[in-house]
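Here the structure comes first, spelled out in structure tokens, and everything after it is commentary.
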Amino acid sequence: MIHSLEAHACPVPDSGDSATITLAHGEGGRLMRRLIREHILTSIGNEFLTVLGDAAILPPLAGPLALSTDSFVVTPLFFPGGDIGSLAVYGTVNDIAVAGAVPRWMSLAWIIEEGLPVGTLIRVLASIADAAARTGVRVVTGDTKVVPRGTADLLYLNTTGVGEFIHAPPPGPAALVPGDRILVSGPIGRHGMAVMTCREGLAFQPPPTSDSAPLMDAVAALREANLPIRAIRDATRGGVAAVLHEWAEMSHRTLSIDENRLPVTPAVFGACEVLGLDPLFVANEGTMVVATTQESASDVLEVLHSVPETDQATVIGEVTDRAIAPVVVRRSLGRPMPLDEPLGAPLPRIC
Amino acid sequence: MKYVDEYRDPNQCEQLVDTIQRTASRVWTIMEVCGGQTHGLLRHGIDQALEKKVHLIHGPGCPVCVTPLESIDFAIELAERPDIMLTSFGDMLRVPGSRTSLLRARAAGAQVRIVYSPLDAVQMAVTNRDRQVVFFAVGFETTAPATALAVQQANRLALRNFSLLAAHVRVLPVMEMLAASDSNLVQGFLAAGHVCTVTGSNCYEAFANRHQIPVVVTGFEPVDLLLGILECVRQLERGEARVRNCYPRSVHAAGNLQAMAAIDDVFEPCDRPWRGIGIVPLGGFRLRTQWARFDASERFPRTVQPARESPDCRAGDVLMGRIKPTECDCFGTTCTPENPLGAPMVSAEGACAAYYRFKSQGTRSGVDLHGIWKQ
């Protein structure tokens, strides 16, 4: 009899909490709570997040606020020099920092494709925790959704950052005048080439590594040095060329760049040569463009060189009255040649 | 970086410009055959630096630009079939067909994958046995050897789900067509360095002799380009018509014998329509009969009708060097890299895109019309 009962017992439901994320993790029940408690709170918890309320209740800030939102959909999730987790934190922090504010808090929303290994999630969380600790930004609210396999690419992250203006921000690109100097904070094109070569399985040796890094310390150092900064922008998608075009448009000036002054690592240079790409158009994730006065350029360089993330900062050009094109590059013959605007993602050339 | 920095040296560039100016006693008309060379000349402003002594005509050597509309339409039709994964090189994706591009087709759900080598397409066929993988093979003799190797590899692996949409083209026949044209004013050719890496330079001897025209094998960096132009100008001044190799770090007179053998094993020359130019006798490669089982146009029925080019687009005149891109009424107005009417506005190597990129924006009227073709 007992034997028979056992034979007809309902099967124990699959808890689904073993090695991979299932749809059940996203549906607000026990699995979800366990995921949050065991993994998320242990790595990035703080007094605001641990409450697990519908909204984070935050103390008032003295200055005006900066608010910035971003989504991270990088493939592969892990690449030389970084991963989606640190990228999400640094990307959020950098948007706030280059706007002239001090990053304080951020939200973090996960869109997870069913089947993502829990181990992958834990690795990303560890990276987020490290990046948050490095920058001092606190993850104060979040969300987790799981979508059916095939409707997302493993993992997407969405963030919103909140920063506080303690000092007035730089006036911005409209204030550029002829003679101003243009700087980049480090070698360009690293993130885009790192991700592209990794994604496409191109075996460059050494492989290009991403520049993914926080820029808040460099921006803070510039502010503390009280130097006349005209504008700061992180050169993400579209690369340095996109920033130059935006500034040229807003200032009605021409931005003139010297090709032989552009800092490019041998790995990025080689990969770009092989694929027929121009590093000026390739994305960065921890490199900014700075405009300052002619007189202050060397002081700005000195300050940037004192910060580890920007110790290879270089002057790459200057602002002139509007010339033949909004942005020009001087190449081998020293003639100013127009630089066009980035058009979508760069596609490798045939030969 | 070795092999790059020394060929971009500003001092050497200035010296070469100066030497060319002093060597040329009159204005010479020289055609750079390859789109990569056009890109380099315009990117560095070499055409402007030399404009008092050298008129540069931009040749038809952009393989993406000359791929016929009907091939692109057929590639798109294949990509839209649910059982087919279409693979090609990156800059082929933006080229407009008659109704859409591969990039737009991909956005609409077609399976289109960028590959960096034809062998990657073979690998995709290995890992996607339930799908037909078609490689849209474009390019001159430069890329044809790798395509040939891909076919040989697919044969070794006995793959039944790999095939080729072969649109490879050959450079010498189109140069022959240009040089033989009554309206030709080209006085010297800069032969395409990458193509010559495969074919060698010997193959131009008979051509140079027959047409009494210098052929200088030329690379792509500014110093390479200036050295090629200088050699061409020197020959023209002396009344010579020789084949000279100014790209010896890459090109040998006999070429790459293994690469040529791979091409010869898999392909045979055939007449081929070039977009904007028309049929070029022996201007293309097709699969030899014994490899026909890898021919996508045999394997899959074609339903698209041959399409007509935009009547306003003058890509053919540009590709044949009859006009500069800026002389086309559509240039920069109805035809831009965002909305190209013709292929030369798409590829990084296309003459129209190179002009759009590197010439003063919004100053079309300032461009000198050289009048290099006889009426």
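The values are calculated or read from the model by the stated rules, or taken from the named source; none is laboratory data. Keep in mind that what you see is a predicted model, and the values were worked out from it rather than measured. No Cβ is skipped: glycine too gets one built from the backbone with ideal geometry, and neighbour counts run over all protein chains shown. Protein only, heavy atoms only, side chains kept; ligands, DNA and RNA dropped before computing areas. Shrake-Rupley method; radii C 1.70, N 1.55, O 1.52, S 1.80 Å.
Computed quantities for the displayed model
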read-out: Dipole of the protein assembly as shown [Lys/Arg +1, Asp/Glu -1 at C-beta], most positive-end residue of B:241, B:351, A:329; value: B:241
read-out: Whole-percent pair-distance distribution, where bins are 5 Å wide, for the alpha carbons of the stretch A:23-164; value: 2, 10, 20, 24, 21, 13, 7, 3, 1, 0
read-out: Percent of alpha-carbon pairs separated by more than 15 Å within the stretch A:20-77; value: 69
read-out: Efficiency of FRET from Cβ geometry, residue A:126 and residue B:126, R₀ 35 Å, rounded to 0.05; value: 0.50
read-out: Å² per residue, accessible surface of the stretch A:23-164 at 1.4 Å; value: 44
read-out: Amide H contacts of residue B:164 (H built 1.01 Å from N, under 5 Å, at least 5 apart or other chain); value: B:135, B:295, B:296
read-out: Lysine pair number, Cα distance threshold 29 Å (strictly under), the protein assembly as shown, separation 8 or more or different chains; value: 9
read-out: Value of relative contact order over chain A, rounded to a whole percent, pairs C-alpha under 8 Å and six or more apart; value: 20
read-out: Residue among A:271, B:208, A:308 farthest towards the positive dipole end of the protein assembly as shown, charges placed on Cβ; value: B:208
read-out: Any cysteine of chain B lacking a neighbouring Cys Cβ under 4.7 Å - listed by number; value: B:13, B:34, B:196, B:203, B:232, B:246, B:270, B:313, B:328, B:352
read-out: Mean shadow area of chain A, taken as a quarter of the surface of its Cα convex hull (nm²); value: 22.1
read-out: Dipole of the protein assembly as shown [Lys/Arg +1, Asp/Glu -1 at C-beta], most positive-end residue of A:290, B:144, A:202; value: B:144
read-out: Segment residue B:210-residue B:98, length gained on full extension (0.36 nm per residue, minus Cα span); value: 36.4 nm
read-out: Amide hydrogen neighbours beyond the local backbone of residue B:54, cut-off 5 Å, H modeled; value: B:28
read-out: Amide proton proximity set for residue A:329, modelled H, under 5 Å, gap of 5+; value: A:257, A:337, A:339
read-out: Computed lengthening from residue A:302 to residue A:67, 0.36 nm per intervening residue step minus Cα-Cα distance; value: 81.6 nm
read-out: Å² per residue, accessible surface of the stretch B:232-336 at 1.4 Å; value: 52
read-out: DSSP bridge orientation in the stretch A:23-164 - percent antiparallel, rounded to nearest 5; value: 70
read-out: R0 of 51 Å, Cβ-Cβ distance residue A:58-residue A:252: FRET efficiency to nearest 0.05; value: 0.80
read-out: Kirkwood hydrodynamic radius over Cα pairs of chain B, then Stokes diffusion coefficient at 25 °C and 0.890 mPa s, in µm²/s; value: 116
read-out: The stretch A:156-170 residues near the modelled residue A:46 label - backbone nitrogen below 18 Å, point 7 Å along Cα→Cβ; value: A:158-166
read-out: Pairwise FRET efficiency - residue B:282 versus residue A:312, Cβ, R0 = 56 Å, nearest 0.05; value: 0.55
read-out: Overall form of the stretch A:173-338 per C-alpha gyration tensor (a/c, 1.5; a/b vs b/c); value: oblate
read-out: Dipole magnitude of the stretch B:119-216 about its Cα centre (Cβ charges: Lys, Arg +1; Asp, Glu -1), debye to nearest 20; value: 420
read-out: Student exercise, the protein assembly as shown dipole from Lys, Arg, Asp, Glu Cβ charges, in Debye to nearest 20; value: 1380
read-out: Percent accessible area from carbon and sulfur atoms, the stretch B:315-361, protein chains only, probe 1.4 Å; value: 45
read-out: Degrees separating the helix A:118-135 axis from the principal Cα axis of chain A, which is the longest one; value: 40
read-out: Assigned charges on the beta-carbon of Lys, Arg, Asp, Glu; the stretch A:158-218 dipole about Cα centre (debye); value: 160
read-out: Residue B:308 paired with residue B:152, simple spin-label distance in nm, labels 7 Å along Cα-to-beta-carbon; value: 4.5
read-out: For the stretch B:216-233, 3J(HN,Hα) per residue [Karplus equation, 6.51 cos²θ - 1.76 cosθ + 1.60, θ = phi - 60°, Hz, x = Gly/Pro]; value: 10, 5, 10, x, 10, 7, x, 5, 4, 5, 5, 4, x, 5, 4, 4, 5, 5
read-out: The stretch A:96-111 - phi-based ³J(HN,Hα) in whole Hz, Karplus 6.51/-1.76/1.60, Gly and Pro as x; value: 5, 5, 6, 6, x, 9, 9, x, 10, 10, 8, 9, 8, 10, 9, 10
read-out: Buried accessible area, chains B and A (both chains, 1.4 Å probe, Å² to nearest 100); value: 3100
read-out: Cubic angstrom per residue, convex hull over Cα atoms of the stretch B:315-361; value: 66
read-out: Helical contribution to [θ] at 222 nm, DSSP H n ≥ 4, -39,500 (n - 2.57), averaged over chain A, rounded to 500; value: -8500 deg cm²/dmol
read-out: Average Cα contact separation per residue, chain B, under 8 Å, 6 or more apart, as relative contact order %; value: 22
read-out: Simple spin-label estimate for residue B:19 and residue B:293 in nanometres, 7 Å along Cα-Cβ; value: 5.6
read-out: Contact order normalised by residue count of the stretch B:315-361, Cα under 8 Å, 6+ apart, percent; value: 31
read-out: C-alpha long axis of helix B:118-127 to longest principal axis of chain B, angle in °; value: 20
read-out: Among B:159-165, A:248-254, B:2-8, the order from most to least packed when residues are scored by Cβ within 10 Å on average; value: B:159-165, A:248-254, B:2-8
read-out: Kirkwood Rh, angstrom, the protein assembly as shown [1 / mean 1/r, Cα pairs]; value: 28.2
read-out: Estimated vicinal HN-Hα couplings, Hz - the stretch A:191-202 in sequence order (Karplus 6.51, -1.76, 1.60; Gly, Pro = x); value: 5, x, 6, 4, 5, 5, 5, 5, 5, 8, x, 7
